[in-house]
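Read the figures in this text as sums done on the coordinates, not as results from a lab. These figures come from a predicted structure and were not determined experimentally. Positions of Cβ are backbone-derived with ideal geometry, glycine not excepted, and every protein chain shown enters the neighbour counts.
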Amino acid sequence: MIGLILGLALSFSPASAGQYQEREPAFQENFYGVKIRVNQSWIVGYYGTILYSADRGATWEIQPSGTKRALYRIHFTSEETGWVSGSYGTVLHTRNGGKSWTPRPSGTQEHLFSINFVNEREGWTIGSRGTILYTNDGGSSWKDRSIGEDVILNNVAFITPERGWVVGEFGVIYQTRNRGRSWIKQKSPVEVSFASGESRNLFGLLFPDSKAGWAFGLDGVILKTLNGEWWEISHRNGVGPSHVTNKHLFAAAHVDGTLWAVGERGTVIASPMGKESWQRAAIQVPPWSLNGIDFSPDGFGLIVGNRGLIFRTTDGGKKWSRIKIASQGAGRGIGRIP
């Protein structure tokens, strides 16, 4: 089951050690997660890659992560305090905007595919084999609050310190109302059993506010909840309209009343919040997987994906431009190609 998400959701494609000796991995490897705080941006990816921009994506530099493991998601609660989750139980923490990253012992070797904090002390990270970890000391130590099922969990979202959700393999959805001390399995309209042999995974999870939420997954499936208790399929056939997408959707974000989702083969779709009228975005993307998307409230946004793909907008997604980065020379970091 681990191979499913690495091969499908993240398009994990290892290269030989010799290849990494010949080139800097930050330029060409797969990017999995992105986070924006005001004018600052971070991107994480394969081979321990962390990229940082202080000027809304105009220029970039490498932040040493201290690891060569894949890094899947990144979360910041302020411009200085952030965390990263990755393969084989990797958790990294910074208190200085990523100038330095410190490994935190997670107590697990499971892959951690998502991480979410509601404040600088309380957070959750989730992953393979039903792993759910909770911290109330800023990530210095982690408590095991796993669901006890051998299922891959792909995304976690909390709207208060008490209430949150996880989604994952076979279309499962779990909710907690007590900081993860217990998890209640919710009725998912796309859940299938392991014995069925079907795949109905959910990858993206988005709660723009405390009222409504969305989940995104295989074959373009989009689920919606109005209260966090009952989930329904947004479209009768279980996927977006055929003219929008039937491609897998891996990540989602929102800005200025618009929902966005990205996925395989360069898929980018958007819909006004509450109208469920998904349309393909006006963006030209190579047919490679897009794994992460994020916005600032003023419309600055980034999309990241495989083979070093980065796309940038400054107007809430009306126009997107591709960013290409390259070395500026020894000791000078990296920057955009004009």
Query raised in the report: Between Tyr88 and Arg265, what is the label-to-label distance in nm when each label sits 7 Å out along the Cα-to-Cβ direction?
Result: 3.5 nm
**Report entry** Cα gyration tensor category, rounded, prolate or oblate, for segment 143-261 with a/c compared to 1.5
**Finding:** oblate
Query raised in the report: For segment 82-227, what is the convex hull volume of the alpha-carbon atoms per residue, in Å³?
Result: 113 Å³
Report summary line: Pseudo-spin-label distance Ala282 to Ser321, built 7 Å along Cα→Cβ, given in nm, is 1.6 nm
Query raised in the report: Using Cα pairs under 8 angstrom and six or more residues apart, how large is the relative contact order of segment 27-257, in percent?
Result: 9 percent
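How about segment 120-196: which trypsin sites (Lys or Arg not before Pro) there are in a DSSP loop, with at most 15 other Cβ atoms within 10 Å of their Cβ? All intermediate terms of the calculation are to be shown ahead of the outcome.
Details: sites: Arg121, Arg129, Lys143, Arg145, Arg163, Arg177, Arg179, Arg181, Lys185, Lys187; in loops: Arg121, Arg145, Arg163, Arg177, Arg179, Arg181, Lys187.
Qualifying residues, ordered by number: Arg121, Arg177, Arg181, Lys187.
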Query raised in the report: Label Glu229 and Glu162 with points 7 Å out from Cα along Cα→Cβ: what is the distance between them in nm?
Result: 1.5 nm
Report summary line: Reviewing (i) 34, 61, 5; (ii) 33, 58, 9, 0; (iii) 28, 56, 16, 0, the figure for P(r) over Cα pairs in 20 Å bins from 0, in percent actually calculated from this model sits under (i)
